Amino acid sequence: MEKDTIILSRKIQLHLDSNDKEKRLAYYQQLFDWRDMVYRGSNMVMSHHYIQERMKDLIYLRDDVKVKLADFKKDPDGIFTSSKLNTTYRILSLYFKGKLPSKIISSMNMTLNRVFAAERIAYWKGEKSLKCYKQDLPIPFPGDQVKLKNDEKGHNFKLVLFKIPFRTYLGKDCSDKKVLLQKALVGQIKVCTSAIKIVKGKIFLLLTLELPKEQHKLSEHIIAEASLSMEYPITVCIGKEHHQIGSKEEFLYRRMSIQAARGRFQKACTFNKGGRGRKKKLECLSHFKKKEWRYVDSRLHLYSRRLIDICVKSEAGTLLLLNQSAKEKIAKEDEFLLRNWSYYGLIEKIKYKAERAGIYVIVE
């Protein structure tokens with residue numbers, strides 16, 4: 001049965017809500033300590049999962065060792081003293097109980113179990129290697145820990161997580177973050193398992209929300225036929241209506257101009273005066289850091305949004321992407337297309353927005 005809800009993720013910057021310098025340093029140290037324990041614990045849990053799953057495939061062991069991965073109290077062939085889910089929780093509790101909040105330990109265990117279950121078949125086939133987590137791993141926690149409050153000025157929000165006070169920093173953000181946070185505050189939408197991530201000293205809340213799908217009057221018999229191409233990013237036909245979204249000049253030429261400008265700066269950096277370190281010599285290049293990626297991501301969001309708006313306006317309940325498989329095959333063989341045209345990113349954004357609007361997508 002199709003779900004009536006959709007999961008959204010938003011990245012929101014947080015500031016420590018304290019003017020006491022000593023307290024702020026203590027909070028930062030606490031977060032860094034927790035992050036280190038989450039990183040080490042995650043790698044331990046994934047290793048245990050892998051060993052448990054591969055136990056039956058170790059053909060060089062005695063036959064009576066190859067038994068079921070189950071609780072021996074419920075299954076006579078089981079080798080565990082508890083449920084499979086509880087085995088890894090006990091490992092985390094053994095090493096981190098009293099140092100890491102139990103809510104974080106529980107969320108870690110559930111998240112890692114889901115990740116391993118989703119990828120276990122690829123591990124068996126040798127298509128993937130076991131995940132190795134790095135030190136910048138987010139700190140997960142259950143959604144019921146997020147208790148939002150409005151701040152005094154009314155633009156941002158306050159929350160306390162594990163006795164650490166935070167306030168959001170939305171700045172000049174023009175997206176839907178403030179609206180979603182306000183709805184979460186009054187209980188209109190549910191907050192799911194979220195996380196805190198620290199990036200270069202900045203704290204971010206990776207907020208996960210479950211909200212109902214948009215309700216639109218749509219008919220599955222009305223089909224919107226969309227074609228993705230280099231000349232026009234999206235061309236869509238609905239009956240006698242014909243729409244072209246974006247253009248080659250707007251998307252491709254702008255992207256290539258960013259690439260060319262970065263190339264010119266790279267060549268010019270050779271003649272910059274040295275003596276103050278590599279960072280100072282390449283300072284002019286910092287302006288182009290991820291500039292191309294941000295531009296492309298912004299354009300793809302805009303194009304996909306316009307496509308879904310057209311479908312909703314025409315009451316089209318089905319969206320058909322024509323000849324997409326053949327186009328992707330050609331793009332893989334053409335180095336220029338592979339480098340400069342983001343088929344995959346555009347399709348993913350179309351699918352995400354279509355699901356939220358209740359439109360069924362078919363990729364031909």
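Inside the stretch 119-133, residues that are within 19 Å of the chain's Cα centre (by Cα) and over 26 Å from Val191 (Cα atoms) make up a count of 2. Can you say whether Arg276 is open to solvent by 100 Å² or more (accessible area, probe 1.4 Å) and not in a helix (DSSP H, G or I), as far as the supplied structure shows? Criteria met by Arg276.
Residue pairs whose Cβ atoms lie under 8 Å apart, separated by 6 or more positions or on different chains, with the first residue in the stretch 96-108 and more than 13 Å from Pro138 (Cα to Cα) and among the basic types (Lys, Arg) and the second in a helix (DSSP H, G or I) and open to solvent by less than 10 Å² (accessible area, probe 1.4 Å), are Lys97/Ile105. For the stretch 309-321, the count of residues that are under 25 Å from the mean Cα position of the chain (by Cα) and closer than 16 Å to His216 by Cβ is nonzero.
Suppose the filter is exposed (fewer than 10 other Cβ atoms within 10 Å of the Cβ) and over 22 Å from Lys353 (Cα atoms); does Lys248 pass it? Against the criterion (exposed (fewer than 10 other Cβ atoms within 10 Å of the Cβ) and over 22 Å from Lys353 (Cα atoms)), Lys248 does not qualify. Scanning for something in contact with a Lys or Arg (Cβ under 6 Å, 6 or more places away or on another chain), part of a loop (DSSP other than H, G, I, E, B) and either open to solvent by 40 Å² or more (accessible area, probe 1.4 Å) or modelled with pLDDT of 90 or more (or both), does the stretch 141-149 turn up at least one residue? Yes: the stretch 141-149 contains one or more residues that are in contact with a Lys or Arg (Cβ under 6 Å, 6 or more places away or on another chain), part of a loop (DSSP other than H, G, I, E, B) and either open to solvent by 40 Å² or more (accessible area, probe 1.4 Å) or modelled with pLDDT of 90 or more (or both). When the stretch 331-342 is limited to residues that are buried (at least 17 other Cβ atoms within 10 Å of the Cβ) and part of a helix (DSSP H, G or I), the one that is nearest to the chain's Cα centre (by Cα) turns out to be Asn340.
Each residue in the stretch 300-330 was checked for being open to solvent by 50 Å² or more (accessible area, probe 1.4 Å), part of a helix (DSSP H, G or I) and farther than 23 Å from Glu214 by Cβ, and 5 of them qualify. When restricted to residues that are closer than 23 Å to Ala357 by Cα and either in contact with a Ser or Thr (Cβ under 6 Å, 6 or more places away or on another chain) or surrounded by 14 or more Cβ atoms within 10 Å (Cβ to Cβ) (or both), the stretch 216-245 contains 19.
Among the residues of the stretch 227-244 satisfying the criterion of being out of contact with any strand residue (DSSP E or B) (no Cβ under 7 Å at 6 or more places or on another chain) and free of Cβ contacts under 8 Å to residues at least 24 places away in the same chain, which is farthest from Phe336 (Cα to Cα)? Taking the candidates together, the pick is Lys240. A single entry from Ala261, Ala268 fulfils the requirement of being in contact with a helix residue (DSSP H, G or I) (Cβ under 8 Å, 6 or more places away or on another chain), exposed (fewer than 12 other Cβ atoms within 10 Å of the Cβ), at pLDDT 80 or above and more than 30 Å from Leu319 (Cα to Cα): Ala268.
Contact map, the stretch 245-258: first residue more than 18 Å from Leu307 (Cβ to Cβ), second residue surrounded by fewer than 17 Cβ atoms within 10 Å (Cβ to Cβ), Cβ cut-off under 6 Å, separation 6 or more or different chains; pairs are Ile258/Lys291.
Of the residues making up the stretch 176-209, those that are closer than 15 Å to Val146 by Cα, in contact (Cβ under 8 Å) with a residue 24 or more places away in the chain and among the β-branched types (Val, Ile, Thr) are Val191, Thr193, Ile196, Thr208. Taking every residue in the stretch 273-302 that is under 24 Å from Lys353 (Cβ atoms) and pairing it with any residue that is in a loop (DSSP other than H, G, I, E, B) and open to solvent by 70 Å² or more (accessible area, probe 1.4 Å), at least 6 positions away or on another chain, yields no pair with a Cβ-Cβ distance below 6 Å. Tyr352 meets the stated requirement of being more than 17 Å from Arg254 (Cα to Cα) and out of contact with any His (no Cβ under 8 Å at 6 or more places or on another chain).
The values are calculated or read from the model by the stated rules, or taken from the named source; none is laboratory data. Quick caveat, the model's predicted, so the values are computed rather than measured. Don't worry about glycine lacking a Cβ; one is built from the backbone with ideal geometry, like all the others, and counts go over all protein chains shown. Surface accessibility is based on the protein's heavy atoms, side chains included, excluding ligands, DNA and RNA. Shrake-Rupley method; radii C 1.70, N 1.55, O 1.52, S 1.80 Å.
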